[in-house]
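Take a look at the structure below.
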Amino acid sequence: MSEEASENKHISRTTCVVPGTLYLVATPIGNLADITQRATEVLAQVDIIAAEDTRHSQRLLSCLGIKSKLVAYHEHNEDRMTGRLLDELAAGKSVALISDAGTPLISDPGYRLVTQGHDQAVSIVPVPGVCAAIAALSAAGLATDAFAFEGFPPAKQGARLHFLEPLALQPRTMIFYISCHRIIETLKDMCTVFGEKRRATFARELTKTFETIKRATLSDLVAWVESDDNQRKGEIVLVVEGKAAEAADGTQLDHYLSVLLAELPVKQAVKLTVKLTGENKNDIYKRALELKDS
Ligand code: SAM
C-alpha cells in the first residue's frame, strides 16, 4: 500500500482492494450522500485515482477525507495516460477511475483504458452507483423493459436531424443526455422526427435542490420549457417513449416513408418500409411515389 493510501486508514472498511486491479467507481451526480460505502472504501485504499478533472474530484475526496494520489485522465491525455496507467497496473498498483459525476465511461472517458485493460488481462472491477440515465429512466414513467441509451445528440441541427431520423422507428424507450443550451431546439427537432404526440420525460438536476421531473408530449414539453427560463438551466436527461410496435396504420406508414425518403433513394426507403411494416411492396412503392411528387 502506498503512503497516500495508508493515510486513509481511518475510513472503516469491509472491502479490500486487490493489487493490479482497475476499479471503475461511480460517484454522485449532485447529492454527495449518494456515494456508496464501497466506493468510499475503494477510493481510500487504491494507490492511484485517475480523475477526469482533478480539481473537481478533489472536492469530493476532501469531503470524504480521502488522500489517495490523484492523476488526471481526460479526453486530451487519454492516449498517453492509458499506457501509463496500464504500466502501473502491470507493476501491481491498484487504480480507480472516476469521472466528474456518475458512472465512468457513460458519456465520459475511460473506454480506451478498459478495452486495452482487457487486452492485457488486467482485472477490471466495477463499483456501481449513480448514473443519470438510469436514475431518469427509473422515474420516467415510460417502458423500462427494453431501452436504448443514445448519449448526446449532435449540436448542429443538420447532424442532429440525421442522428434522430433512424430512431423514429425505434420501439425501445430512448435516453438522451441534452445540453441545457440546446434543449428547446432538440425538443423541436424531436417533434419533427418523432411526432408531436410522442411522450417524453424531462429530468433536470436529478438529486439536486431544483430536481424537476415532468412527463408530457414532446409538443407540450416545448411549450413548457419555452415558458420557463429555469427549465433551460442545469443538467438534463430526456427519456423518450419508443415507437409502439403495433402494425402500421396509414398515418404511420406515411410517417415512416417520409422520414426515410428524406434520407434515402425511393428504392431503399420502400425496402426498409416493407421490412418495418410487413405491408405489400407494390402498395408502398405507389405511396412513396405519391409522397415524393407531393
Ligand atoms: N457519466 C455520467 C453518468 O453516469 O450519468 C454522465 C456524464 S455526461 C458528461 C453529463 C450529462 O449527464 C449531463 O449533460 C446530463 O445530460 C447528464 N446528467 C449528469 N448529472 C445530471 C443530473 N444531476 N441531472 C440530470 N442529468 C444529469
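Could you go through segment 231-243 and let me know if any residue there is surrounded by fewer than 18 Cβ atoms within 10 Å (Cβ to Cβ) and among the polar types (S, T, N, Q).
no
Take segment 55-67 and flag every residue that is surrounded by 15 or more Cβ atoms within 10 Å (Cβ to Cβ) and more than 23 Å from Y111 (Cβ to Cβ).
L61, L64, I66, K67
Among the residues of segment 196-211 satisfying the criterion of being within 13 Å of the ligand (Cβ to nearest atom) and surrounded by fewer than 16 Cβ atoms within 10 Å (Cβ to Cβ), which is nearest to G102 (Cα to Cα)?
Going through the qualifying residues, I end up with K208.
Suppose we filter A96, A136 for residues that are within 16 Å of the ligand (Cβ to nearest atom), part of a helix (DSSP H, G or I) and crowded, with 20+ Cβ neighbours inside 10 Å; which single one remains?
Result: A136 is the single residue among A96, A136 that is within 16 Å of the ligand (Cβ to nearest atom), part of a helix (DSSP H, G or I) and crowded, with 20+ Cβ neighbours inside 10 Å.
One line per residue, one yes/no per condition, for (1) part of a loop (DSSP other than H, G, I, E, B); (2) among the polar types (S, T, N, Q):
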position	(1), (2)
E185	no, no
T192	no, yes
A203	no, no
T209	yes, yes
L221	no, no
N230	no, yes
A244	yes, no
D254	no, no
L260	no, no
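Evaluate segment 113-125: report whether one residue or more is of a type outside the set (G, A, S) and crowded, with 20+ Cβ neighbours inside 10 Å.
For segment 113-125, residues of a type outside the set (G, A, S) and crowded, with 20+ Cβ neighbours inside 10 Å: present.
A50 versus (1) open to solvent by 40 Å² or more (accessible area, probe 1.4 Å); (2) in contact (Cβ under 8 Å) with a residue 12 or more places away in the chain; (3) of a type in the set (A, V, I, L, M, F, W, C): which is the lone unmet condition?
Answer for A50: the failing condition is (1).
Yes/no per residue for (1) part of a helix (DSSP H, G or I); (2) touching a residue at least 24 places away in the same chain (Cβ under 8 Å):
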| residue | (1), (2) |
| --- | --- |
| V71 | no, no |
| G92 | no, yes |
| L105 | no, yes |
| L161 | yes, yes |
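The values are calculated or read from the model by the stated rules, or taken from the named source; none is laboratory data. Values in this document were obtained by computation on a predicted structure and should not be read as measured data. FYI the Cβ positions are ideal-geometry reconstructions off the backbone, even for glycines, and counts take in every protein chain you see. Surface accessibility is based on the protein's heavy atoms, side chains included, excluding ligands, DNA and RNA. Shrake-Rupley method; radii C 1.70, N 1.55, O 1.52, S 1.80 Å.
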